[in-house]
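The values are calculated or read from the model by the stated rules, or taken from the named source; none is laboratory data. Keep in mind that this is a model prediction, so the values were computed, not measured. Glycine gets a Cβ as well: all are built from the backbone with ideal geometry, and neighbour counts include every protein chain shown.
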Amino acid sequence: MAVVTRTAASRTSVLAPLAGLVLLLILAAVTTPGFYSPEVLRLVLFQIGVIGVAALGQTFVLLLGGIDLSISGMVSLTSVVLAMYTAGSDDRLVVGILLCIGAGILVGLLNAGLVVLRNVPPFVATFASFVLIQGVIIAWTRGAPSGRIPRGLAWLGGGRILEIPVPLILFAALALIAGIVLGRTTAGRRVYASGLNPDAARLSGIRVGLVAAVCYVIASLSGVIAGLINAGFIGFVDAALVRDLDLNSIAAAVIGGIALTGGKGRIWQTVIGVVLLAVLLTWLIQLGAGGGAQLVVSGAVILLAVWLQSRRFPLPSIRRATPEKGMQ
Amino acid sequence: MTQHAHARPHARKGLIALAVGATAAVILAACSTEQEGGGNATGGATDCINAEEAQSTYEEAWQSTADAFGLDQLEPVAEEVCEVDASEWQAEPKQGDTYRIALAAQGPNNSWGLISEEAFNYHADELGVDVLYASANGDATTQVDNIQQLASQDPDAMVVVPMGEGISGQVKAAVDQGIPVVLCSGILPESSGAVSTVTRQYDLLGSAYAEWIANQIDGEGQVAILSGLAGVPTAEYQVAAAKETFAKYDGIDIVTEQFTEWSPTVAKTVAQNLIASYPELDAIWSDSGYGAIGVIQAYQEAGLPVPPITGDAINDFLLTAEGTDTRFALSTFPPEMSMECLDTAMSLLQGENVLNKVYIDSPSFTNEDAEQYVRRDCDGSLLVPTSVPEDLLVSLGLCTAS
């Protein structure tokens, strides 16, 4: 009987973000008739791409029971590195991107080192990294980053293939890869095992530290990719860029059902969370809601998601952390 | 059964927590969007000295902006500008032969902050005064500590670039300690006791942009307001002044108010939404050139004409708008006004009367005159036109040597 109750609760919990999305889409249709116009839908798809890429990286860290508050810092750093190195020249674009990737790996390793080797709480470690990145940017550029983003990158932020924004296509491809890795490979199962119970995972022979390092590097690299998308989108160094990206990436994963406590959740849940958040943000602007109202509604939705999680309705994936059944 | 009995109180507690959290969020959001008064700049003078002449200098800035924007009238908001009797503050250097002036700066966290403090230091070198420096990194809480630290070094005078009203108490304490404080590029309530305020007037910018837009659309049409950040005084003052001006025109409908975070990326996303939601939009009031860049890009990519738009004069904006038929009105909030802040502090120490409110009259222009202000030899983040010495701009890497 208890099993039946738990299964029903699990379904409810898994279906909650989907139900929320459907409800939101209906609300949008009723309150803003123009919401389903091609222009607005393209905006939603673009938002899904940008938030989604960061949320994918965040998901890897959340599954470990960690959190990464330095992703938005990586977005800014990517923009600055690219502009300062390339000075707008397409000839330097490839090396510029490689430098950004190198910076992403460094920051990811720094985060992992602090968390794994020094046992610094992830919240503190990654926030310190964020501050460090901001400091490096200011010290390097003296607050006035110069240079432009190469035009060759514009397609990544503003391009379309068959009217579908390139960022969305990139997000979909990355989500597919992440889903396969987490759900169908031994490496993915090690991530879940490390997040669920690090001690047990260690005793079973999993190198938890290495798993954590890879996850933090993935999160930082997701910041680099999001940074490249944003840089291509606007074509300028934007020092004020993406203050909200960390919050949005965490919110999207949590709304979808990724547990903040680690080891629970699947990539498709993050995808649903991303879609829901992107629809919500676009709908609020379409409604003409001011900045305060947008923050209130976004915050309330996140609170609701966390509250639903706190009711301890287990997700199916929690109970199926075995190689036979997979995670995806 | 036992599980149920435990689950219900748990769920109820969760609901209560959620309700409390949501209520708190609503209250916080309401507070954050509350507009702060724009006309309460400081003034240390109790008797208005030389009121007529002082008042006329104040009105000059409004008139020159009106002329630049081709406005028949731009009514200055009521302000009482007076001279401050400097005899109270006249003093010899407290240590040695050189005056020591404290600078509680914003910090070099953007090009404005960088130029502000570098221009100050440059001018201090010219005048032969020592500078005691502290950076707030754009944060009012940090600045509270900065002012205390600087005051503890007993400088001859202090120049503060205010990061928020939260520092008023520390400014008052410094003044009570006998340090003349000059506010620079921002305002604080009169209770702060600051001796003089040197700034570009937010009300002027907000009103002038709005009046120019009203002029462009003949007092009728849909207008969107793009502000920087909700709850930030520098943004709210301008918006409040703009709304007051628009309210004079019955035919103008403010259809939406959005925030760009002074980021072209965010502004572009917001503008894409505007295009979809308000295809009949007639003009966009923006407080920022960075925000206006995003707007131009969004309209160009949609293949639509850019509505008349306002903002501050960023070199990047002029470069973006170059070759388009965009109508725009720009003005400046020049960071190099910090040099005048230093002059004001020095005047006080030398016993020369100063104004309690020195409202900077800086250039304003429209698309018709934009060509002469573009600086192709300088970085896009430069605020133009600039009166910063060329050698300083080159040494900061903002311009190339000619």
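Of all the strands (runs of 3 or more DSSP E) wholly in region B:169-275, which have at least 2 residues that are surrounded by fewer than 24 Cβ atoms within 10 Å (Cβ to Cβ) and β-branched (Val, Ile, Thr)?
Answer list for region B:169-275: B:251-259.
Could you grab me the full set of residues in region A:111-145 that are away from every other protein chain (no Cβ under 11 Å) and touching a helix residue (DSSP H, G or I) at 6+ places or on another chain (Cβ under 6 Å)?
Selection gives A:Asn111, A:Ala112, A:Leu114, A:Val115, A:Val116, A:Val120, A:Pro122, A:Ala125, A:Thr126, A:Ser129, A:Phe130, A:Ile133.
Starting from residues that are facing chain A (nearest Cβ under 9 Å) and hydrophobic (A, V, I, L, M, F, W, C), keep the ones in region B:276-308 and report whichever is surrounded by the most Cβ atoms within 10 Å (Cβ to Cβ).
Applying the filter and picking the extreme gives B:Ile293.
For region A:76-92, state whether one or more residues are surrounded by fewer than 16 Cβ atoms within 10 Å (Cβ to Cβ) and in a helix (DSSP H, G or I).
For region A:76-92, residues surrounded by fewer than 16 Cβ atoms within 10 Å (Cβ to Cβ) and in a helix (DSSP H, G or I): present.
For region A:242-282, give me the residue count where each residue is over 12 Å from the mean Cα position of the chain (by Cα) and part of a loop (DSSP other than H, G, I, E, B).
Qualifying residue count for the region: 11.
Among the candidates B:Gly323, B:Gly351, single out the residue that is modelled with pLDDT of 90 or more and either more than 30 Å from A:Gly159 (Cα to Cα) or away from chain A (no Cβ under 13 Å) (or both).
Exactly one residue qualifies, and that residue is B:Gly351.
Can you go through B:Val295, B:Val306 and tell me which one is part of a loop (DSSP other than H, G, I, E, B), at pLDDT 90 or above and in contact with a helix residue (DSSP H, G or I) (Cβ under 6 Å, 6 or more places away or on another chain)?
It is B:Val306.
Just the residues that are modelled with pLDDT of 90 or more and either of a type in the set (Phe, Trp, Tyr) or under 26 Å from B:Val181 (Cβ atoms) (or both), please, taken from region B:63-84.
Within region B:63-84, B:Phe69 is the sole residue that qualifies.
Table: residues versus (1) acidic (Asp, Glu); (2) loosely packed, with under 15 Cβ neighbours inside 10 Å; (3) in a helix (DSSP H, G or I).
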| site | (1), (2), (3) |
| --- | --- |
| A:Trp140 | no, yes, yes |
| A:Gly143 | no, no, no |
| A:Trp155 | no, yes, yes |
| A:Leu168 | no, no, yes |
| A:Leu174 | no, no, yes |
| A:Val181 | no, no, yes |
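When you scan region A:118-167, how many residues do you find that are over 23 Å from the mean Cα position of the chain (by Cα), among the charged types (D, E, K, R) and closer than 30 Å to A:Arg42 by Cβ?
Result for region A:118-167: 3.
Tally time: how many residues in region B:329-386 are of a type in the set (A, V, I, L, M), over 15 Å from the mean Cα position of the chain (by Cα) and part of a helix (DSSP H, G or I)?
Summing the residues that are of a type in the set (A, V, I, L, M), over 15 Å from the mean Cα position of the chain (by Cα) and part of a helix (DSSP H, G or I) in region B:329-386 gives 7.
Which of (1) closer than 19 Å to A:Thr126 by Cα; (2) away from chain B (no Cβ under 14 Å); (3) not hydrophobic (A, V, I, L, M, F, W, C) is the odd one out, the single condition A:Gly256 does not satisfy?
(1)
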